[in-house]
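Report on one structure; see the data block that follows.
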Amino acid sequence: MAKKKIGIYGQLESTPNHKVEDLYIVVEDHAIHFSVKHLVEDKYVAFESFMNNDANGWSPLLAYLQNNSKLMHAVYQNIHFVMNDPQVLITKTNEQKNTSFYSNELAMVFGQKQDQELMINELADQRSILYAIPDSLQTLLTRAFPTGKWSHYIQKLMATRLEEGIHLFAFEQFFITLFIQQNQVQFFHYFSEEGATQNVYQVLNICKQLSIPPAQTNIHLTGYNTNDHAWMEELVQYFLHATVHEAPHKGVIDTLNKEYPNHGYAPYFVF
């Protein structure tokens, strides 16, 4: 059974009738996270998180949402389905718009999988981002939120104005590494959280493979938590300058950290 992990709500004042306007649904391998954006204060003021450990897949979550979740009973202007899955590629745009070409490329890198829908989103400079949505999730979310549109977390990150250098986005069980140069993502990779020495090695090895001198490069850490990411303190010593973005210490995040101090904040809603 999909169990509710977090559910904190405050007074939403985005519109005169206190209805939220933008909803973000972030999907990982075994979890779905919901965030509503406060348009006046330009921040995410509430979220709900569900872990899926059910042998029957995601279907029990739909029943829960329809009967219990407050997110189902609000009105939204925009709904964003955001897939956060390591099986994603940035590739050269195919001029013939041949979907089988993209499918073969994704299968060549990650293996052939059935019962999933290919997603293709074109980027600037003749590049496209490729990933796939399992049919079970596609059915679940489009039935619950039929007006939503899919995108990938990497795509959302690319849409933000990231400074040049190495970017690390820390999550509960993995971290994403992006290398930004000339205002473009030149490289990205998902790494599973392992031991401190191995995590540091993974990042420095990427720098070596890409011929990036750490001593001449800035590093940016997002979602850093002193209890979970102490290894980053060792890592930043190799770089020219480090910028750290921790969980906010005010608003709903502050309430969350007080009531759920061990939930392991991750930047699910940093777009």
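Working carefully through the options A55, A2, A46, find the one that is surrounded by 15 or more Cβ atoms within 10 Å (Cβ to Cβ), modelled with pLDDT under 80, more than 18 Å from the chain's Cα centre (by Cα) and not basic (K, R).
A2
Looking only at region 12-30, which residues are touching a strand residue (DSSP E or B) at 6+ places or on another chain (Cβ under 6 Å), buried (at least 19 other Cβ atoms within 10 Å of the Cβ) and at pLDDT below 80?
Pass one, region 12-30, residues touching a strand residue (DSSP E or B) at 6+ places or on another chain (Cβ under 6 Å): 14, 20, 22-27.
Imposing the further condition that a residue be buried (at least 19 other Cβ atoms within 10 Å of the Cβ) reduces the set to 20, 23-27.
Matches in region 12-30: V20 only.
Give all pairs with beta carbons closer than 8 Å in which a residue from region 108-134 that is within 26 Å of Q186 (Cβ to Cβ) meets a residue that is of a type in the set (G, A, S); count only pairs at least 6 apart in sequence or on separate chains.
Close Cβ pairs satisfying both conditions: L118/S103; L118/A132; M119/A132; I120/S128; N121/S128; N121/S151; E122/S128.
Name the helices (runs of 4 or more DSSP H) wholly inside region 60-179 in which the number of residues that are out of contact with any helix residue (DSSP H, G or I) (no Cβ under 6 Å at 6 or more places or on another chain), surrounded by fewer than 16 Cβ atoms within 10 Å (Cβ to Cβ) and not assigned by TED's automatic domain parsing to the domain that holds I206 is 3 or more. Steps first, please.
Values: elements: 99-110, 135-144, 153-159.
Answer list for region 60-179: 99-110, 135-144.
The values are calculated or read from the model by the stated rules, or taken from the named source; none is laboratory data. Please read all numbers here as calculations on a predicted model, not as lab measurements. For neighbour counting, all protein chains shown are included, and Cβ atoms are generated from backbone atoms with ideal geometry for every residue, glycine included.
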